[in-house]
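Here is the structure we will look at.
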Amino acid sequence: MNHRLEKTADWLKEKDISFCMLTSTPNVFYLSGFYTEPHERLLAMFVFPEEEPFLVCPAMEISQARASGWEYEVVGFSDTDDPWELIKIALTKRNLNVSTIAIEKEHLNIERYEKLKSLYANTSFVSAEEKLHTLRMIKDEQEAAILREAAKLADYGVEVGVNALAKGKAELDILGEIEFELKRKGIRQMSFDTMVLTGLKTASPHGKPGLEKIADGHLVLFDLGVVLDGYCSDITRTVAFGRIDERQKEIYDTVLKAQKNAISTCKPGIAIGEIDIAARSIITQAGFGDYFTHRVGHGLGINVHEFPSLNSTNAMLLQTGMAFTIEPGIYLDGVGGVRIEDDLMITNSSVEVLTNYPKELQIIK
């Protein structure tokens, strides 16, 4: 049994939990090495304090589960099977005395919860995230190596996008070039919908790229990331096209100063809230506090947004192996927006910045 499964089983023993059922792709992947998107079909993993775990997946994916290195039982089901009947058989074989079940409360839908509850009517349910969040939060050396490579590919994506800028080109034209070149590097999946925004649309933190065209005096914002071997990267850079006015430059300089100050705060033992405050205080002092409308960052790993949340109220202390983003921004309607985002990892004594595309102001001619 791998050490991640062992830690989960030890937690079940410690908390006197009968078993754990995981249903999200990221958590199943984390414990098994099997990464799949089953769409509407059921994917599940059952972990026990003492018994061997088993995996539930569509029958057509059993060979992929085996190829990923999963050595234990696989319950495969066809499109005409009721997977819950097969799960019931697998659970019955284990002669369990079930009183408490850990589930992914943030993920398990109500229909599947009711199916599970019908198997064990007088059972209480607890959150599996309590353990999985903390396990996944600390990256091992293999995970760190993948995140570094994913960050390099994110850097490359921004480089392609900046080099593709030209007057009259549409946002989606540039987006297409970025993703095409990343596919030539072997990337099949972006970690979220790539964002290329120009002009006044940069004032929308989660704007949607379209057919708007690049023009002189526009800010252009790139936000993108890739999935590499199951792990995500996430970078944002903002550049000016043709020229920049004083208001735009003031915003840019403020965000850059705030982002650098937040990064300089990071080291083991620092409260997460202090990182947000380090960025937010500079933006507020410059008079833009009302226009920094989101937290300073988020955990990063198998999910592009994962535990913990880097907001000003989070008292959790940074620990070696934590990976996260720092991404302050200012968004002014009628002017535009600037966001600068890097991926970071806490080392034994400091912080390693994984994304390295230049972030000093660039005016692209």
Enumeration of residues in the range 336-359 that are touching a helix residue (DSSP H, G or I) at 6+ places or on another chain (Cβ under 9 Å) and modelled with pLDDT under 95: none
Just one listed residue, out of Ala240, Ala144, Ala215, is more than 16 Å from the chain's Cα centre (by Cα), among the hydrophobic types (A, V, I, L, M, F, W, C) and crowded, with 16+ Cβ neighbours inside 10 Å, and it is Ala240
So, in the range 71-86, exactly how many residues are of a type in the set (Phe, Trp, Tyr) and out of contact with any Leu (no Cβ under 6 Å at 6 or more places or on another chain)? 2
In the range 218-237, the residues that are part of a loop (DSSP other than H, G, I, E, B) and surrounded by fewer than 22 Cβ atoms within 10 Å (Cβ to Cβ): Asp229, Gly230
Looking at Ser78, Ser68, Ser18, which is the one that is closer than 13 Å to Ala128 by Cβ, of a type in the set (S, T, N, Q) and in contact with a helix residue (DSSP H, G or I) (Cβ under 9 Å, 6 or more places away or on another chain)? Ser18
On the basis of being farther than 22 Å from Asp140 by Cα, outside any strand (DSSP E or B), within 27 Å of the chain's Cα centre (by Cα) and in contact (Cβ under 8 Å) with a residue 40 or more places away in the chain, does Leu91 make the cut? no
Matching helices (runs of 4 or more DSSP H) fully within the range 117-187 where at least 2 residues are in contact with a Leu (Cβ under 6 Å, 6 or more places away or on another chain): 141-164
Any idea which of Asn122, Asn163, Asn109, Asn95 is closer than 21 Å to Glu306 by Cβ and either among the polar types (S, T, N, Q) or surrounded by fewer than 13 Cβ atoms within 10 Å (Cβ to Cβ) (or both)? Asn109
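Just checking, which of Ser191, Ser99 is touching a residue at least 12 places away in the same chain (Cβ under 8 Å) and under 30 Å from Glu352 (Cβ atoms)? Break it down into steps so the answer makes sense when it comes.
Working: Ser99 fails: under 30 Å from Glu352 (Cβ atoms).
When all the criteria are applied, what remains is Ser191.
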Criterion first (of a type in the set (Gly, Ala, Ser), at pLDDT 95 or above and within 31 Å of the chain's Cα centre (by Cα)) does Ala65 satisfy it? yes
Unmet requirement for Ala102, which otherwise passes all of (1) of a type outside the set (Lys, Arg); (2) in a helix (DSSP H, G or I); (3) within 26 Å of the chain's Cα centre (by Cα): (2)
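The values are calculated or read from the model by the stated rules, or taken from the named source; none is laboratory data. On a predicted model such as this, the values are computed, not experimentally measured, just so you know. Positions of Cβ are generated from backbone atoms using ideal geometry, with glycine treated the same way; all protein chains shown enter the neighbour counts.
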